[in-house]
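To start, the structure itself, in structure tokens.
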Ligand code: PHE
Ligand code: ZN
């Protein structure tokens, strides 16, 4: 029997709530198995709702203990109550209070939604629909209330008690218990509620806003790990300053608290004044965290902080509007990182993520618009499309309107919609108003799924001295959207001559270097052009599209050498490589391919000579080949992951051999003197040195194995140590004995560091070797592994399914069967994490027929299970449909 996924919720069926809740007074007495929750709700009919409608509050696995209306116990005939709803048939026509008592068991809460315990710490997660697991409520974001929270606990078990807003009272109680009262004056939806109780250490700092408000910042972590929270605290202060400087946004409470917990379904959560983080995005020390970890911490601290305005002060009317807060906040955190680090490097990395995660999603069965019209399980819509493509839409808006009009639009949005739960339409209306532009057509980006393809062909007429670019756009059909309309696509471009000079020829229709494609096809004509130039199109990746450009390798290599746009310099190298890799993977390798490979290696060589020392982080990206997933996308159907892997390994080895002497030189670029620092410049040097190491190991250069072992043994930081270990694990040229020695050393050295053991798990599950699946089965028995911890699951099982294409897509289907088994096992405990793992199947339809059949069988086995969660049922059904 097939489990039906829950009923579909539709955007067009949105109706305002019949009731509003203005105030919430919570009294929560923490206990490991029987936490008592008393909620007093000040309710009134919504003037926009249906008068006299029954009041139905949401619940999820709740047990009601008591219910009173205006202080009087409610007769049992006046209401009906189930674990998932509480209905009062005839509530008063005027404002009234409802007092609800529930008892919940945080220790038994394995879904990690609502109130749960992580390493003994009480914490909550309420987005999207977790508050209803704490008390019965109108658990929808357009119901905004001010909250006071009284928290009580045993002092010994939970000396620290934190809530939203400002602390207003605290004290001792009989029997070793104590309490704290928190007051949050800002109206908020229930998904932003949070509380924490536990024995935690902290680091603090005082911050004064531009407007003069004194704010006490604090980060709470497992006792003893405070030292590792300083970088996050510093990132928080820089984020607060940046939001003041760039968006004019100040903080609005007396305290800002962050708590790191070990068990968390996602990355972090922006609860008002009390962010709760997966500890992997807070804790960092040079010995345990890589440069990339530091960069992620900085970005996620910023992201959650920026939500205070884009998400909390202005929130979403309903969950269809999720991109209103997430796309915009990702855009803001990307801008922050670009200002703090290298803009070009940040952009390239953002586009790599977009292509790897969002383009794949958009090309598969789970494709959906940035603003979906329908969902069955909202947890399944925290996707790369909503986040990453949502951010791209904001970036395009800024390009189309220009910086000034964009800034005015943002200001208007903050002024108009503060304290509201609003919509994408209301957001766009601010920018239409600020710029005087009609954004109706642009808004289609929110509605239409799929990645547009833009085809550009160039024509040079030497008689007329004219150069013409012809553009055509099309978007492939996606589930539920068979036909597509043309979008508004801003295409930044320029011309380069063959000697590398920038040509400043103007064309009608090109303004500030941006051409806006609005129709299915259009052209751009440059006059007085003396010789055929090289076009540099989609500079800075100005729109989230796939570009096909009729440029040969010579033209692309000219761009590698000379384009003034760093993104396109990088992209041109990627394009040459992609062309070689798709041909080789289709078994079309030939002599022309060898010549092209040599030409690419030479271009990279001269690039390195000219620029590696100036911009090591960028040079490291230039030396990175497109990932296998991108080649698979490019091939599009009947994909053989083994052929792609072989092609990529071969190309990388050839380039490595051709560049070997230069790579030796790169290995010697010095990192700034002094102790380890995670700053972008030092990180860039390490990235370049380490990619050089890896390429040399793959090229089997003389003496490099010894150098690798020495780097591992002598490293004073995790970046260099892990880079050496990674090369050892992924390079067949490294002797088994050395690989084993390093893996064992790493395990022993970091035995009591779960976040480091995650790296150890992920490394081994990512090996493109036939015995990897067997190794994973063994690692699941390791004492450090726990199916209950989402980070462990993602490190061992997620990394395998998402980042190991040859082994997950094994021809015998064993990878698929393994994942299906794990999803089924995990679903009973944590449906959200199980559903997320299952999305690894989203490319199954483009596999060659043998793998396709095996994937389908595994998916059908999951689908046919009794008692699947709504989360997994929704993903498996959409994946199969
Ligand atoms: N709102 C969080 C963020 O993006 C993500 C999140 C969603 C966390 C749902 C937990 C649950 O910042
Ligand atoms: Zn977010």
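Quick note: the coordinates plus some simple rules give every number you see, no bench work behind them. Keep in mind it's a predicted model, so treat the numbers as computed, not measured. Positions of Cβ are backbone-derived with ideal geometry, glycine not excepted, and every protein chain shown enters the neighbour counts.
Of note:
- The chain, Rg to Rh (Cα coordinates; Rh as Kirkwood inverse mean 1/r): 0.97
- Cα gyration tensor, the stretch 1-141 - rounded (a/c under 1.5), prolate or oblate: oblate
- Ordering of 768-781, 645-658 by packing [mean C-beta count within 10 Å, highest first]: 645-658, 768-781
- Cα gyration tensor, the stretch 659-739 - rounded (a/c under 1.5), prolate or oblate: oblate
- Over the stretch 453-543, Cα pairs under 8 Å with separation of 6+ residues give a relative contact order of 36 percent.
- To the nearest ten degrees, helix 718-730 and the longest principal axis of the Cα atoms of the chain are 60 degrees apart.
- Once you reduce the stretch 712-726 and the stretch 432-502 to the center of their Cα atoms, the two points are 44 Å from each other.
- Here the average projected area of the convex hull drawn through the C-alpha atoms of the stretch 143-272 stands at 9.0 nm².
- For the chain, averaging the sequence separation of C-alpha pairs within contact (under 8 Å, six or more residues apart) and dividing by the residue count gives a relative contact order of 9 percent.
- Sorted largest first, the spans of the alpha carbon positions of the stretch 342-468 along the three principal axes are 62, 38, 33 Å.
- Counting DSSP beta bridges with both ends in the chain, the antiparallel % (nearest 5): 80 percent
- Residue 788 paired with residue 76, simple spin-label distance in nm, labels 7 Å along Cα-to-beta-carbon: 3.6 nm
- Note on the stretch 199-295: antiparallel DSSP beta bridges, both residues inside, total approximately 50 percent of the bridges counted.
- Average silhouette area of the stretch 352-427, convex hull of alpha-carbon atoms, in square nanometres: 6.3 nm²
- Shape category assigned to the stretch 750-881 from the gyration tensor of Cα positions, a/c cut at 1.5: oblate
- Gap separating the Cα centres of the stretch 32-56 and the stretch 388-421, nearest whole Å: 34 Å
- For the chain, calculated [θ]222 nm from helices alone, where every DSSP H run of n ≥ 4 adds -39500 (n - 2.57): -12000 deg cm²/dmol
- Evaluated over the stretch 623-777, the Cα radius of gyration and Dmax, each in Å: 16.4, 52
- Per-peptide packing, taken as the mean over residues of other Cβ atoms within 10 Å, places 659-667, 867-875 in the sequence 867-875, 659-667 from highest down.
- Mean Cα-pair separation over length for the stretch 321-390, i.e. relative contact order, pairs under 8 Å, 6 or more apart, %: 49 percent
- Distance between the stretch 599-629 and the stretch 183-230 - C-alpha centres, whole angstrom: 42 Å
- Relative exposure of 368, 809, 186, 519, judged by other C-beta atoms within 10 Å (fewest first): 519, 186, 368, 809
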